1. Can you quote the Å³ per residue value for the convex hull of the Cα atoms in the stretch B:1-48, rounded to an integer?
2. With N set to the number of residues, divide the alpha-carbon radius of gyration of the stretch A:1-76 by 2.2 N^0.38 Å and report two decimals.
3. Would you kindly derive the ³J(HN,Hα) couplings of the stretch A:77-88 from the backbone phi angles with the Karplus curve 6.51 cos²θ - 1.76 cosθ + 1.60 (θ = phi - 60°), listing them in order in whole Hz, with x for Gly and Pro?
4. Given the rule -39500 (n - 2.57) for each run of at least 4 DSSP H residues, summed and divided by the residues of chain A, what is its mean residue ellipticity at 222 nm, to the nearest 500 deg cm²/dmol?
5. Sequence neighbours fewer than 8 away in the same chain don't count; with that in mind, list the lysines whose C-alpha is under 28 Å from B:Lys54.
6. Stokes-Einstein at 37 °C, 0.692 mPa s, Kirkwood radius from Cα pairs: D for the stretch A:62-157 in µm² s⁻¹?
7. Could you give the size of the charge dipole of the protein assembly as shown about its Cα centre, using +1 on the Cβ of each K and R and -1 on the Cβ of each D and E, expressed in debye and rounded to the nearest 20?
8. For helix A:47-65, report the angle its Cα long axis makes with the longest principal axis of the Cα atoms of chain A; keep it between 0 and 90° and round to the nearest 10°.
Amino acid sequence: MRLEYFQLIDRIVDINLADRKISTEATVPTTSTIFEGHFPGFPLMPGVLLIEAMAQTSGWLLVAINRFERMPFLAAVKDAKFRTFVTPGQKVSVNASLVHDGSGYAITRASVELDRKSVCDAVITLRIMDFPNREMRDKMRETAALVGFSTEVPANG
Amino acid sequence: MSSTFDTIANIIAETCDIPRDSIKPESHAINDLGIDSLDFLDIAFAIDKAFGIKLPLEQWTQEVNDGKATTDQYFVLKNLSARIDELVAAKGA
């Protein structure tokens, strides 16, 4: 994770377009100013950032489904549950699957796992829109390369 | 078997916590019932699931923005019901 850039995902492990699901992974940094406040003497990965990790993972799935032609934006989070703590240095797996591909929106079910045990999960709604400008699309492609997003047809696609 | 209108009225009542009795065929989802675009996504999702269709929200929005259609044509519930019936019929054709 590069928290200072709000990049919650380190690597895309697999995108399966046939089953419309994705797996990513991320390691919580051992140090961050965030942990100085959340919480002093008891550093925890904030739940809102775990939601963001699920949203970003869902987003990469939607980017793949839309062949980088359109951009997903977070619109709603439902039924979010946090089952255990995530602490600095831990490596988590993030999974998302497409529940519904609507007109201009999509719904995913996502989860964060630690050692194959569910840490948190939620239902996420994303608006699917045209890229607002070319700069954003280019920057997204750069980020995509950083997290291992294939510009070719993804695996299992 | 309930009518298309009854189905979407029930969906709206449940999704947006609007009294079912206040939802009429003449109601405009946005202007009369106060449903915003985000809440309408929930409604669209429920309608898509209930009828096995994909409401073409983006196409409708574009038509309204281009002045080719009015919001009444798609968001007055009796008209929305008719559009859904058309989509269901087209799916079965």
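Just so it is clear, none of the values below were taken in a lab; they were calculated from the coordinates. Here the structure is a predicted model, which is why all the values come from computation and not from measurement. In this analysis, Cβ positions are derived from the backbone assuming ideal geometry, glycine residues included, and neighbour counts consider all displayed protein chains.
1. Numbers: hull volume 3.4 nm³, N = 48.
Spread over its residues, the Cα hull of the stretch B:1-48 gives 70 Å³ apiece.
2. On the way: Rg = 14.3 Å, N = 76, 2.2 N^0.38 = 11.4 Å.
For the stretch A:1-76, the normalised Cα radius of gyration is 1.25.
3. Each residue's phi maps through the Karplus curve to give 10, 10, 6, 6, 10, 10, 9, 7, 7, 10, 10, x Hz.
4. On the way: 3 runs with 37 residues, N = 157.
Helices in chain A give a 222 nm mean residue ellipticity of -7500 deg cm²/dmol.
5. Here the lysines satisfying the reach criterion relative to B:Lys54 are A:Lys21, A:Lys78, B:Lys24, B:Lys68, B:Lys78, B:Lys91.
6. Numbers: Rh = 15.0 Å.
Taking Rh from Cα pairs, D becomes 219 µm²/s.
7. On the way: 26 positive and 34 negative charges, 128 e Å.
Using only the charged Cβ atoms, the result is roughly 620 debye.
8. Here the helix axis deviates by roughly 20 degrees.
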